[in-house]
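Everything below concerns the one structure shown next.
The values are calculated or read from the model by the stated rules, or taken from the named source; none is laboratory data. Bear in mind that the values here come from a model prediction, so they are computed numbers and not experimental data. Glycine gets a Cβ as well: all are built from the backbone with ideal geometry, and neighbour counts include every protein chain shown.
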Amino acid sequence: MKRNPACAIEYVQYLNEKGELTQPIPKWAEQSNLLLRYYREMVMARHADQKAISLQRTGKLGTYPSILGQEAINVVIGSVLNKDDVFVPYYRDHTAMVMRGMKQADVYRYWGGDERGSANPDVGKDLPYCVPIATQVSHATGVAAAIKIRGEQRAVLCTCGDGATSKGDFLEAINLAGVWQLPVVFLINNNQWAISVPRTIQCGAPTLAQKGIGAGIPALQVDGNDVIALHEIVSEALQRARLHKGATVIEAISYRLGDHTTADDATRYRTNEELRDAWQREPIKRLQHYLHQRGDWDESKEQRLQAQAADQVQQAVDEYLQTPQQSINDLFLYHYEELPAGLAEQLSEADMANQLQEKAGQRG
Amino acid sequence: MTEQNRITLVEAVNQALHYAMSKDENVVVLGEDVAVNGGVFRATVGLRERFGIKRVMDTPLAEALIAGVSIGMASQGLKPVAEIQFLGFIYAAMEQLVSHAARMRNRTRGRITCPMVVRVPFGGGIHAPEHHSESTEALFAHIPGLRVVIPSSPRRAYGLLLSAVENPDPIIFMEPKRIYRATKQAVPDDGKSLPLDTCFTLRQGTDVTLVSWGASILETMQAAKRLAERDISAEVIDVACIKPLDIDTILYSVKKTGRCVVIHEAARSFGVGAEIVAQLHEQAFFDLLAPVKRVTGYDVTMPYYQMEKHYIPTTERIISAVEQSMEQA
Ligand SMILES: Cc1ncc(C[n+]2csc(CCOP(=O)(O)OP(=O)(O)O)c2C)c(N)n1
Ligand SMILES: [Mg+2]
């Protein structure tokens, strides 16, 4: 019997859940600066995330998908991409997007029901949030094709969830990336759940990474709660892409510690034991342990960071809450380069309706 | 009936599903989060516990798959009731619905049919994220071979869904989620279905006919009440069965009132309202005292929730359109 060696899926980890190294540390991580940055960004991410949830609870934000437990994936993406690379996110990438140039206030604007959250020019040609599952994956392949056609040395990074890998869109997109040898990295945030649907009934294969093999793309799993492993694997894949050595599929094993969104109640479908267990593996504590051990972190630094994070997030909230209302014009002006005559008429109609409404409001 | 028997629209959907599944073992339910979680709106709650995992299935996340698998099941005589979680996510299933579900009967000259229902919540007004609030019923109504049904009250949800499940053809059953829990009605669980080929006249009137469906029925009824205070008598018709369209009920009314305003949340151009207006023009032109008017969403992308109040037709806009109509002739 012959065996095809390409079918084995590697699993990469450096820092286990206790914050211990499981293999020799990579050179870059011997220095403290980047690891400390990762730690700070993750703490910041958690603050910003918790704030979003409380804004939602008090009616100041719409339905919001928390990144709780997925901070490591977010901060590594935010750091390993070059400015001229392109990030094609899904909707659980807030901090990665903020590190790419979006403002935290923009994150709140978007989930607060305001289109301007996606308008900040500082993110360059990164694509906006993508809500229809897996539809962004072919965009990433297209961005990568554009880069290849122009012969540039840039890479694309695309995220999606475990559920997203069940859609044709995902498989079609990675297939083409394999055929055309495109400079793109597909990063699956396997947080074990797609709303109430567990990973086990999403796909019958033991790993999601192996879908990459079917597309002829190198594929592997990485501990998605381990910033060192993530950094190693994702930056290497991006470097391969920039050098036109083709695409990579990375399955990052994480866990969605929160509800799917603020509209969800995960106690309906998952056990407390599972959740408690997952908290043992979350990304922030293990890095903190490790940095402590190395003598890079202590209680007073922690206190300062917590205060700083709370402060910074509060500034973003203030900025968000002071956002002026959009005007009726904004509903109409951005559909075509020029406003068609018929639509202009509807715009005046909408303006009049608005005045009518305001009058009715005053009377009422 | 006591207060306890009064249920919401989404509970009526649930009650109808329970009834249909208990009466016919060919009825199966599938979709994302429908089994263990009971649906993100709880429309399918309790079905898995009662009818088991063989008949109530959580699928992988794939809408094209859900539609295609339903077609396959239906071709063998099962009666799948599939849920697409939000209308904004149905488009991947479009090829299956348009190229197969809608055509199977015709292309096999009746040898194979698709007795399936696709339930799908739609419409704005619940502060949902992007892509969760659209009203694109016209896309489906345009397709020969599909039926499109939109209930706007608990009783109609129950009766129409039962008919939809019994019906031998593919049906897009669109549930206006803004009014999922807006009102309660007594809905006896008696298995009485409602016809799929008639409009429902909700209020009699003599001066103007207001035609609407879905959540906009709420503002339309409010407008009719406010108009009555000013001695304008409005008849209100809930189209409910969008396709095939019961134009006769609308014609009958408009011939009586001479005036008509069509109200819908969907964008204005090329929509279901346009079809109704065209048919009125063809068949009631000489009975009209004023041009038929439309009060609709604008031809813009459904705004995110901050601005959706400027998009969804308001009672004031409906009243203003009626006033304009009354001023003419
Ligand atoms: C095409 C499509 N279908 C359904 C939905 C509704 N929905 C939103 S998130 C989600 C689950 C996604 O799970 P996964 O891909 O694992 O990502 P996660 O949310 O867990 O990060 C579903 C079904 C959607 N947004 N798009
Ligand atoms: Mg997931």
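Mind listing whichever residues of the stretch A:176-208 are assigned to a loop (DSSP other than H, G, I, E, B), within 15 Å of ligand 2 (Cβ to nearest atom) and either within 14 Å of another protein chain (Cβ to nearest Cβ) or among the aliphatic types (A, V, I, L, M) (or both)?
First, pick out the residues of the stretch A:176-208 that are assigned to a loop (DSSP other than H, G, I, E, B): A:180-183, A:191-192, A:195-196, A:202-208.
Now drop any that are not within 15 Å of ligand 2 (Cβ to nearest atom), which leaves A:191-192, A:195-196, A:202-203, A:207-208.
A:Asn191, A:Gln192, A:Ile195, A:Ser196, A:Gln202, A:Cys203, A:Leu208, listed by residue number.
All told, A:Arg154 meets the bar of being touching a helix residue (DSSP H, G or I) at 6+ places or on another chain (Cβ under 8 Å) and away from ligand 1 (no atom under 11 Å from the Cβ). Residues in the stretch A:209-240 that are within 16 Å of ligand 2 (Cβ to nearest atom) and at positive phi: there are none. Contact map, the stretch A:155-169: residues that are more than 9 Å from ligand 2 (Cβ to nearest atom) paired with residues that are outside any loop (DSSP other than H, G, I, E, B) and of a type in the set (Ser, Thr, Tyr), Cβ distance under 7 Å, separation 6+ or inter-chain. Pairs shown: A:Asp169/A:Thr135; A:Asp169/A:Ser138. The single residue among B:Glu275, B:Glu265, B:Glu282 that is out of contact with any Lys or Arg (no Cβ under 8 Å at 6 or more places or on another chain), among the acidic types (Asp, Glu) and free of Cβ contacts under 8 Å to residues at least 60 places away in the same chain turns out to be B:Glu282.
Within the stretch A:20-28, none of the residues are hydrophobic (A, V, I, L, M, F, W, C) and within 23 Å of A:Gly117 (Cα to Cα). Contact map, the stretch A:117-142: residues that are more than 22 Å from A:Gly246 (Cβ to Cβ) paired with residues that are small (Gly, Ala, Ser), Cβ distance under 6 Å, separation 6+ or inter-chain. Pairs shown: A:Asp122/A:Gly101; A:Val123/A:Gly101; A:Pro128/A:Ser118; A:Ile133/A:Ala164.
Of the helices (runs of 4 or more DSSP H) lying entirely inside the stretch B:93-199, those containing at least 2 residues that are of a type in the set (A, V, I, L, M) are B:137-141, B:154-166.
All of B:Ala290, B:Ala267 fail the test of being in contact with a strand residue (DSSP E or B) (Cβ under 9 Å, 6 or more places away or on another chain) and within 14 Å of chain A (Cβ to nearest Cβ), apart from B:Ala267. Looking across the stretch A:336-352 at every residue that is small (Gly, Ala, Ser) and in contact (Cβ under 8 Å) with a residue 12 or more places away in the chain, the one that is farthest from the other protein chains (Cβ to nearest Cβ) is identified as A:Ala344. Of the residues making up the stretch A:255-313, those that are within 16 Å of ligand 1 (Cβ to nearest atom), in a helix (DSSP H, G or I) and more than 22 Å from the chain's Cα centre (by Cα) number 2. You will find that of A:Tyr129, A:Tyr64, A:Tyr90, the residue that is within 16 Å of ligand 1 (Cβ to nearest atom), in contact with a Cys (Cβ under 8 Å, 6 or more places away or on another chain) and not in a helix (DSSP H, G or I) is A:Tyr90 and no other. Restricting the search to the stretch A:170-205, which residues are free of Cβ contacts under 8 Å to residues at least 40 places away in the same chain, surrounded by fewer than 24 Cβ atoms within 10 Å (Cβ to Cβ) and more than 11 Å from ligand 1 (Cβ to nearest atom)? Selection gives A:Glu172, A:Leu176, A:Val179, A:Trp180, A:Thr200, A:Ile201, A:Gly204, A:Ala205. Tallying residues that are within 15 Å of B:Leu210 (Cα to Cα) and of a type outside the set (Gly, Ala, Ser) within the stretch B:276-292 yields 7. Has the stretch B:191-200 got at least one residue that is of a type outside the set (A, V, I, L, M), more than 15 Å from the chain's Cα centre (by Cα), surrounded by fewer than 16 Cβ atoms within 10 Å (Cβ to Cβ) and in the same structural domain as B:Leu245 (by TED's automatic domain parsing)? There is no residue in the stretch B:191-200 that is of a type outside the set (A, V, I, L, M), more than 15 Å from the chain's Cα centre (by Cα), surrounded by fewer than 16 Cβ atoms within 10 Å (Cβ to Cβ) and in the same structural domain as B:Leu245 (by TED's automatic domain parsing). Apart from one condition, A:Ile217 fits all of (1) within 16 Å of ligand 1 (Cβ to nearest atom); (2) buried (at least 23 other Cβ atoms within 10 Å of the Cβ); (3) in a loop (DSSP other than H, G, I, E, B); (4) hydrophobic (A, V, I, L, M, F, W, C); the exception is (1).
Just one of the listed residues (B:Val295, B:Val277, B:Val254, B:Val236) is aliphatic (A, V, I, L, M), part of a strand (DSSP E or B), more than 20 Å from A:Ile328 (Cβ to Cβ) and at pLDDT 95 or above, and it is B:Val236. For the stretch B:174-190: of the residues being of a type in the set (A, V, I, L, M, F, W, C) and closer than 18 Å to B:Glu219 by Cα, which is surrounded by the fewest Cβ atoms within 10 Å (Cβ to Cβ)? Among those residues, the one meeting the criterion is B:Ala182.
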